[in-house]
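Participant: Starting off with a structure, shown below.
The values are calculated or read from the model by the stated rules, or taken from the named source; none is laboratory data. Fair warning: this is a prediction, and the values are worked out from it, not measured in the lab. Ideal geometry is used to build each Cβ from the backbone, glycine not excepted, and the neighbour counts take in all protein chains shown.
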Amino acid sequence: MRMKFLAILIVIILMPILACAQDVTRQDAVNAIERAKQDINEMEEAGFSVNYVKDILTSANQALERADFAELLKMNATGEIAEQARKALQGLNYQGFTYAEVLKYTQQIAARKLQAYNLSDSIRALEIKIGEYKKSIDTSEIEGMLKDTKIAFEKERYDETEDFLSKANSELEKKKAEFTTVNVLVRSGKSFIEKNWLGILVASAVAAISGWFGWKRYRIKRIRNKLKNLKIEKESLSKLMKKTQEERFKKGKISESIYKIRMGKYNQRLNEIKEIIPVLEEQLKKK
């Protein structure tokens, strides 16, 4: 299911690129914004948090306004609105402001909506699985992971939500497999256990120790990978911030409002990463 979702997501992300290669009219951009509004309304009705997509919608509306002003200047229009456009785009390279830019934002909203529904379905599937498995195994730990998953989803931390879902499902299947193994031994009969109790005990001890060390290695590897990815993301964010500053102050390609929105988001994520990295590094020291 996840591979299918990723394939759809890639197509959605590529759509604005294809649109840019064609002539995108103002009506196309307006229609795209209306569809994005419908997507957001559907997400709200489904009970999803929509702060993130509303910010993207704001960016889409700003892109539409920039494109409108740019069109006026390209046509050498006159009048009050044209003068307003000149003031708004003063010092900016307005030739690059097109209606195609609007579609980039609206497609992000469509992708976010799809991701939200997929994650919601996955969370519900995990709830059902826990309900079935708790009849035979202890699911208290997985229920705690489910709670963390829901919190991450409600706060729109979708990558973290996917990570929690993966770990919860993996742990649940592991516990189920352990329970099944024990049941097979029980059904084999008391006589077998009585005759081979020492061997079974040793084998179980070895399996438990191996599983513990294997799980420990797995956790260490995951922490290291997450640290590596966070450091790469941190470096990428720094580059994006430098690029945004250059586009604003050197090239004049973006307005002050867009600059503030982008820098605000970059700084917010950068601060989150700076808080997470020391925690993960401390966890590695304790392993």
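Participant: Can you tell me which of (1) modelled with pLDDT of 90 or more; (2) more than 25 Å from the chain's Cα centre (by Cα); (3) closer than 26 Å to Ile223 by Cβ is the one Arg269 doesn't meet?
Facilitator: Checking Arg269 against (1) modelled with pLDDT of 90 or more; (2) more than 25 Å from the chain's Cα centre (by Cα); (3) closer than 26 Å to Ile223 by Cβ, the one that fails is (2).
Participant: Please work out if Lys221 is farther than 25 Å from Thr98 by Cα, touching a residue at least 40 places away in the same chain (Cβ under 8 Å) and loosely packed, with under 14 Cβ neighbours inside 10 Å.
Facilitator: Details: farther than 25 Å from Thr98 by Cα: yes; touching a residue at least 40 places away in the same chain (Cβ under 8 Å): no; loosely packed, with under 14 Cβ neighbours inside 10 Å: yes.
In short, no.
Participant: Would you mind stating whether Val11 is assigned to a helix (DSSP H, G or I) and at pLDDT 95 or above?
Facilitator: Numbers: assigned to a helix (DSSP H, G or I): yes; at pLDDT 95 or above: no.
It is false that Val11 is assigned to a helix (DSSP H, G or I) and at pLDDT 95 or above.
Participant: Would you be able to tell me the number of residues in the range 233-287 that are among the small types (Gly, Ala, Ser) and in contact (Cβ under 8 Å) with a residue 24 or more places away in the chain? Can you show your working first?
Facilitator: Narrowing the range 233-287 to residues among the small types (Gly, Ala, Ser): 236, 238, 252, 255, 257, 264.
Still in the running and in contact (Cβ under 8 Å) with a residue 24 or more places away in the chain: 238, 252, 255, 257.
Of the residues in the range 233-287, 4 are among the small types (Gly, Ala, Ser) and in contact (Cβ under 8 Å) with a residue 24 or more places away in the chain.
Participant: May I ask you to say which residue of Ser238, Ser255 is over 19 Å from Lys274 (Cβ atoms) and either of a type in the set (S, T, N, Q) or in contact with a Ser or Thr (Cβ under 8 Å, 6 or more places away or on another chain) (or both)? Break it down stepwise before answering.
Facilitator: Working: Ser238 fails: over 19 Å from Lys274 (Cβ atoms).
Residue meeting the stated conditions: Ser255.
Participant: Taking Ser238, is it among the small types (Gly, Ala, Ser), assigned to a helix (DSSP H, G or I) and at pLDDT below 85? Walk me through it before giving the result.
Facilitator: Values: among the small types (Gly, Ala, Ser): yes; assigned to a helix (DSSP H, G or I): yes; at pLDDT below 85: no.
Considered against the rule, which asks whether it is among the small types (Gly, Ala, Ser), assigned to a helix (DSSP H, G or I) and at pLDDT below 85, Ser238 comes out as no.
Participant: Being exposed (fewer than 12 other Cβ atoms within 10 Å of the Cβ) and not hydrophobic (A, V, I, L, M, F, W, C) is the filter here; which residues of the range 261-280 pass it?
Facilitator: Pass one, the range 261-280, residues exposed (fewer than 12 other Cβ atoms within 10 Å of the Cβ): 264, 268, 271, 274-275, 278-279.
Within the range 261-280, Gly264, Gln268, Asn271, Lys274, Glu275, Pro278 qualify.
Participant: OK, next. Output the residues belonging to the range 23-62 that are touching a Leu at 6+ places or on another chain (Cβ under 7 Å) and under 14 Å from Ala111 (Cβ atoms).
Facilitator: Ala32, Ala36, Ile40
Participant: Further, regarding this structure: Could you list, in sequence order, the residues of the range 36-53 that are in a helix (DSSP H, G or I) and hydrophobic (A, V, I, L, M, F, W, C)? Before the answer, list the steps.
Facilitator: Step one: list which residues in the range 36-53 are in a helix (DSSP H, G or I), which gives 36-45, 51-53.
Correct list: Ala36, Ile40, Met43, Val53.
Participant: Which residues, counting only those in the range 31-64, are exposed (fewer than 14 other Cβ atoms within 10 Å of the Cβ), of a type in the set (A, V, I, L, M) and within 25 Å of Ile254 (Cβ to Cβ)?
Facilitator: None - no residue of the range 31-64 is exposed (fewer than 14 other Cβ atoms within 10 Å of the Cβ), of a type in the set (A, V, I, L, M) and within 25 Å of Ile254 (Cβ to Cβ), so the list stays empty.
Participant: May I ask you to verify whether Asp138 is modelled with pLDDT under 95 and more than 30 Å from Ala208 (Cβ to Cβ)? Write out each step before concluding.
Facilitator: Values: modelled with pLDDT under 95: yes; more than 30 Å from Ala208 (Cβ to Cβ): no.
No: the conditions fail for Asp138.
Participant: Report, by residue number, each residue of the range 97-143 that is of a type in the set (Gly, Ala, Ser) and either assigned to a loop (DSSP other than H, G, I, E, B) or farther than 25 Å from Asn31 by Cα (or both).
Facilitator: Ser120, Ser122, Ala125, Gly131, Ser136, Ser140
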